[in-house]
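Data first, discussion second: the structure below is written as structure tokens.
The values are calculated or read from the model by the stated rules, or taken from the named source; none is laboratory data. Just so you know, these numbers come straight off a predicted model, no measurement behind them. Using ideal geometry, Cβ is built from the backbone for each residue, glycine included, and neighbour counts are taken over all protein chains shown. When the accessible area is computed, the model is the full protein with side chains, heavy atoms only, and any ligands, DNA or RNA have been set aside. Shrake-Rupley method; radii C 1.70, N 1.55, O 1.52, S 1.80 Å.
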Amino acid sequence: MKYEKALDILPEHIVKTIQHYIDGSYIYIPRKSENRKSWGEQTGIKKDLDIRNQMILESYVKGDSIQALSERYYLTEPSIRRIIRSEKMKL
């Protein structure tokens, strides 16, 4: 997110109205709900985590222990259990 000068993009009368409420401070204007992206969608991390989680389930089904998966993926055992449970529910 980058900052824009209000006077560069808004009509002067709108800037004056906004100044009436919030003079000289920063204001965040959220995206329209139809333009919002879900977490991780823009960076691709969500897809990467989905792939990792599928790999964890596949390894578990093939016989890898929770402890081994925890060490391999640097996650706690409860996190590994949660991922396995979540991935099973997707099937």
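What the table below lists for this structure:
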quantity	calculated
Pick from segment 66-91, criterion within 20 Å of the chain's Cα centre (by Cα) and of a type in the set (A, V, I, L, M, F, W, C), ranking: farthest from Ile56 (Cα to Cα)	Leu75
Residue list for segment 52-80, restricted to those being touching a residue at least 12 places away in the same chain (Cβ under 8 Å) and under 15 Å from Lys90 (Cα atoms)	Arg52, Asn53, Gln54, Ile56, Leu57
Residue list for segment 30-86, filter: open to solvent by less than 90 Å² (accessible area, probe 1.4 Å), within 30 Å of Glu4 (Cβ to Cβ), out of contact with any helix residue (DSSP H, G or I) (no Cβ under 9 Å at 6 or more places or on another chain) and not in a helix (DSSP H, G or I)	Pro30, Gly44
